[in-house]
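The values are calculated or read from the model by the stated rules, or taken from the named source; none is laboratory data. Bear in mind that the values here come from a model prediction, so they are computed numbers and not experimental data. Here the Cβ positions follow ideal geometry from the backbone for every residue, glycine too, while neighbour counts run over all protein chains shown.
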Amino acid sequence: MSSPFKLIRIASLKSPSALQSHLSSLGLQLPCDESILTGTLSPLTHPILNSTINSKTIGNRFAIHPMEGWDATPTGEPTDHTFRRWERFGESGAKLIFGGEAMAVREDGRANPNQLILNPANTKTIAQLRSTLLAAHQNSFNTTHDLVIGFQLTHSGRFCRPHDKKRLEPRVAFRHPLLDPKFGVTSDSQVLSDFEIQDLIQCYIRAARCALEAGADFVDLKHCHGYLLHEFLGAHTRPGPYGGSFENRTRILREIIEGIRADQNPIDIAVRLSAFDMVPFRPNPALSSPGKPGPGIPEDFSQHLPYSYGFGLNPLNPVEINLLETHRFAHLCAELGVKILNLSAGSPYYNPHIQRPAAYPPSDGYQPDHDPLIDVVRQIHAVRDIKAKAPQSLILVGTAYSYLQEFLPHVAQAVVRQGWVDSIGLGRVTLSYPRILADATQHGAITQKSICRTFSDCTTAPRNGLVSGCYPLDPYYLSTPEAEALKALKKASPAPTPPS
């Protein structure tokens, strides 16, 4: 949408009926219950019976997404910041901890120099993270028998910054005409060779063994947000066994899983997937000024049609989604023994609005060009469509609920009750209010002052080399020196207020 719009803030809508009226005005449909149910009356409190994970039945219908803090040691071990975050995950009440946070399978695959690395040297301290989470959950909820904890395994590919937060060291699956100039890919030598892929697969196998030794119930083989394994799904132009056909573009997933099993590792397996993507977006230069990016518009893709560089999109119009291969991928996951498929979209690096709808952009982002509820509904509907065609044994986790704010519990219980999704994944809101759905299902109400308002400070901070956290709403981060540094950064280059 190119014409200006008036953003209706979620906090200004005083009832679920008002939200429904606003959705209708946008031509959108989304289930939203009028009242929050509690106890066993709430669909969110029911166990997930599709499948067991490490012989456990997941005890309720909400999950914690991987939430990185950019706060590990230079060698990839957790710090006090990391332990606190995992403790709060345990206090959240969620019975599915989907990865905790992304853990690099080797040093050069880190997205930042302070990302966790899951390797033999760090296994003991990462096991202590899990123990901290378990203890916090036991203390808050008196049981952990139905709590399932996984570790997310990743290589950051195009977005690697393993040694310096300001210096990209990208390794990619293929050359991309729109992303290469943005992220410092200038040579074919930065494309991983088939031989290097084989070595990388061994790193995933080793990390999965470390996860088992650290007590994880499953590993998530991260296929989302433009990171390396997600990029392989769009490697249509890559020659050889890892590019071109769907079979080749999914070969790395199959070979990692085959390797884990050949290693006699019984750990269960999950995948977080960007179910669809779009071309990169940028601030509209005609509506931008220094320090104030304009609304997001797609990069010019007219010279690259049909678009052969993505997954889950229409190659003739790559700002439209197409889930044909996504459905096929879901079936492949079930065939490979993957038990959980956690669905996201796009990438926070090049089209964040389709992945994490927000009223306020991060420092490297752009203003919304339309009501973010459009992006919320797109993701929720995509998950519904995938769930309808996926094998029944596959547990599906949904994304994009944080922007719903006050009405997150109302929509969450409605979509679970209607069978659109098995579990509600919580991301940004976990940083400000980890107990949002526990409070909703226990008390029928939530604490207004703790609700994430999508200020994007949790992204702006790490984009500028600071640890990630909720600086506006979490007193812990507000009291840190990083809070003052972030305030100075925003004052020097203020993020624009949303359209009004």
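Some observations on this one:
- Residue that is farthest from Pro66 (Cα to Cα), among those in region 121-178 that are of a type in the set (A, V, I, L, M) and assigned to a loop (DSSP other than H, G, I, E, B): Leu178
Here's the yes/no breakdown for (1) modelled with pLDDT of 95 or more; (2) over 20 Å from Gly90 (Cβ atoms):
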{"residue": "Ala382", "(1), (2)": "yes, yes"}
{"residue": "Ala390", "(1), (2)": "yes, yes"}
{"residue": "Glu406", "(1), (2)": "yes, yes"}
{"residue": "Gln418", "(1), (2)": "yes, yes"}
{"residue": "Thr447", "(1), (2)": "yes, no"}
{"residue": "Cys452", "(1), (2)": "yes, no"}
{"residue": "Phe455", "(1), (2)": "no, yes"}
{"residue": "Ser468", "(1), (2)": "yes, no"}
{"residue": "Tyr477", "(1), (2)": "yes, no"}
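- With respect to the conditions (1) crowded, with 21+ Cβ neighbours inside 10 Å; (2) touching a Lys or Arg at 6+ places or on another chain (Cβ under 9 Å), Thr447 falls short on a single one, namely (1).
- Lone unmet requirement of (1) out of contact with any helix residue (DSSP H, G or I) (no Cβ under 9 Å at 6 or more places or on another chain); (2) polar (S, T, N, Q); (3) in a loop (DSSP other than H, G, I, E, B) for Ser35: (1)
The rows are residues; the columns are (1) touching a helix residue (DSSP H, G or I) at 6+ places or on another chain (Cβ under 6 Å); (2) among the polar types (S, T, N, Q); (3) in contact (Cβ under 8 Å) with a residue 60 or more places away in the chain.
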position	(1), (2), (3)
Gly419	no, no, no
Leu431	yes, no, yes
Cys458	yes, no, no
Glu484	no, no, no
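- Region 89-108 - residue that is charged (D, E, K, R) and surrounded by 20 or more Cβ atoms within 10 Å (Cβ to Cβ) and, of those, farthest from the chain's Cα centre (by Cα): Lys95
- Residue within region 241-255 that is on the phi > 0 side of the Ramachandran plot, modelled with pLDDT under 95 and more than 25 Å from the chain's Cα centre (by Cα) present: no
- Filter pass, Arg328 being in contact with a Phe, Trp or Tyr (Cβ under 8 Å, 6 or more places away or on another chain), touching a residue at least 24 places away in the same chain (Cβ under 8 Å), buried (at least 17 other Cβ atoms within 10 Å of the Cβ) and of a type in the set (D, E, K, R): no
- Residues in region 37-69 that are hydrophobic (A, V, I, L, M, F, W, C) and either free of Cβ contacts under 8 Å to residues at least 40 places away in the same chain or surrounded by 22 or more Cβ atoms within 10 Å (Cβ to Cβ) (or both): Leu41, Leu44, Ile48, Leu49, Ile58, Phe62, Ala63, Ile64, Met67.
- Flag for Glu231 being closer than 16 Å to Phe174 by Cα, of a type in the set (D, E, K, R), in a helix (DSSP H, G or I) and more than 14 Å from the chain's Cα centre (by Cα): yes
- Any chance Pro361 is over 29 Å from Glu255 (Cα atoms) and either free of Cβ contacts under 8 Å to residues at least 40 places away in the same chain or touching an Asp or Glu at 6+ places or on another chain (Cβ under 7 Å) (or both): no
- For region 1-28, a residue qualifies if it is more than 24 Å from Gly296 (Cα to Cα), in contact with a His (Cβ under 9 Å, 6 or more places away or on another chain) and either modelled with pLDDT under 95 or assigned to a loop (DSSP other than H, G, I, E, B) (or both), and exactly one does: Leu13.
- Under the condition of being in a helix (DSSP H, G or I) and among the polar types (S, T, N, Q), the residues counted in region 83-116 number 0.
- Residue match in region 75-87 (condition: hydroxyl-bearing (Ser, Thr, Tyr), at pLDDT 95 or above, in contact with a strand residue (DSSP E or B) (Cβ under 8 Å, 6 or more places away or on another chain) and over 15 Å from Pro434 (Cβ atoms)): yes
- Every residue from region 157-183 that is without any contact (Cβ under 8 Å) to a residue 24 or more places away in the chain and more than 16 Å from Arg110 (Cβ to Cβ): Asp180, Pro181
- Lone qualifier among Arg435, Arg463, Arg378 - being surrounded by fewer than 23 Cβ atoms within 10 Å (Cβ to Cβ) and closer than 30 Å to Arg167 by Cα: Arg463
- Odd one out for Gly259, checked against (1) of a type outside the set (Ser, Thr, Tyr); (2) in contact (Cβ under 8 Å) with a residue 24 or more places away in the chain; (3) over 23 Å from Ile197 (Cα atoms): (3)
- Restricting the first member to region 82-96 and to residues that are on the phi < 0 side of the Ramachandran plot, and the second to residues that are acidic (Asp, Glu), the beta-carbon pairs closer than 9 Å and six or more apart or on different chains are Thr82/Asp71; Thr82/Glu101; Arg85/Asp71; Arg85/Glu101; Trp86/Glu101; Lys95/Asp146.
- Hits in region 185-200 (condition: farther than 13 Å from Phe174 by Cβ and outside any loop (DSSP other than H, G, I, E, B)): Ser189, Phe195, Glu196, Gln198, Asp199, Leu200
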